[in-house]
Amino acid sequence: MTVSIDVYHLISWRARFRAAARSQLRISKSIPARDIIQMGRTDRHKDRGVGPDLHTEHTNMKPKNTICLWFDKDAHEAARFYAVTFPDSKVTAVHEAPGDYPGGKKGDVLTVEFTVVGIPCLGLNGGPTFRHTEAFSFQIATENQEETDRYWNAIVGNGGTESQCGWCKDRWGLSWQITPRALTDALAAGGGEAKRAFEAMMTMKKIDVAAIEAARRG
């Protein structure tokens with residue numbers, strides 16, 4: 001009697017399983033494959049207690065860390081210049097002052113949100129009290145002499161000034177290091193290669209890639 005009951009339940013279970021499988025197959029044929037894949041991803045997110053829009057929510061969040069740069073009153077002009085000069089750079093928002101403040105009046109541009117080569121920045125028009133110094137600079141890695149020349153000439157040719165060892169300042173006083181990878185690779189090599197490349201660099205304003213590579217070879 002016990003054996004017959006177990007067999008009965010086994011047969012009944014197999015029949016129900018086959019019926020459910022046929023039903024599921026009919027449903028799956030009516031749903032595009034991409035939707036089935038997305039359903040599976042959603043279920044996995046639920047299992048982990050994470051919503052399916054995690055990536056979307058993350059990309060819409062404000063960055064955790066932003067570089068704040070103090071300008072006299074030209075933050076918007078500077079941000080526009082950086083946006084047209086460097087890749088992956090753009091002005092994302094401009095905010096006016098809601099009231100008078102020490103550096104300006106109500107309605108003046110107070111802050112400008114922008115990115116420089118993907119780095120989030122905030123330009124603050126705070127008045128002439130504080131000036132930029134070489135204590136802070138952007139270091140832009142370049143792949144060749146053409147790219148080095150392009151950035152250097154854009155900055156210096158727009159009212160900036162040349163300095164030493166690949167450094168220059170833009171017209172707002174912000175410092176930039178236009179640094180070919182040939183130079184950083186040579187310095188990282190250590191030993192005689194680094195010493196020769198370093199000594200060559202010390203004689204330069206804008207970096208000469210060919211001269212650095214020649215010095216490295218000895």
Item checked: Residues located in the range 142-171, provided they are surrounded by fewer than 20 Cβ atoms within 10 Å (Cβ to Cβ) and part of a loop (DSSP other than H, G, I, E, B) -> 143, 144, 157, 158, 159, 163, 164, 165, 171
Check: What pairs can you find where one residue is in the range 135-152 and over 13 Å from residue 167 (Cα atoms), the other is modelled with pLDDT of 95 or more and not in a strand (DSSP E or B), and their Cβ atoms are less than 6 Å apart, with a gap of 6+ or different chains?
Finding: 142/148; 145/209
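Determine whether the range 179-195 contains at least one residue that is among the aliphatic types (A, V, I, L, M), out of contact with any helix residue (DSSP H, G or I) (no Cβ under 6 Å at 6 or more places or on another chain) and either closer than 30 Å to residue 70 by Cβ or part of a strand (DSSP E or B) (or both). Explain how you work it out, then say what you get.
Restricting attention to the range 179-195, the residues satisfying the condition of being among the aliphatic types (A, V, I, L, M) are 182-183, 186-189, 194.
Retained after the next criterion (residues that are out of contact with any helix residue (DSSP H, G or I) (no Cβ under 6 Å at 6 or more places or on another chain)): 188-189.
Remaining after also requiring either closer than 30 Å to residue 70 by Cβ or part of a strand (DSSP E or B) (or both): none.
Looking for residues that are among the aliphatic types (A, V, I, L, M), out of contact with any helix residue (DSSP H, G or I) (no Cβ under 6 Å at 6 or more places or on another chain) and either closer than 30 Å to residue 70 by Cβ or part of a strand (DSSP E or B) (or both), one finds none in the range 179-195, hence no.
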Checklist line | Odd one out for residue 149, checked against (1) under 21 Å from residue 89 (Cβ atoms); (2) touching a Gly at 6+ places or on another chain (Cβ under 9 Å) | finding: (2)
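The values are calculated or read from the model by the stated rules, or taken from the named source; none is laboratory data. None of these values were measured; they are calculated from a predicted model. All Cβ positions, even for glycine, are placed from backbone atoms using ideal geometry, and neighbour counts span all protein chains on display.
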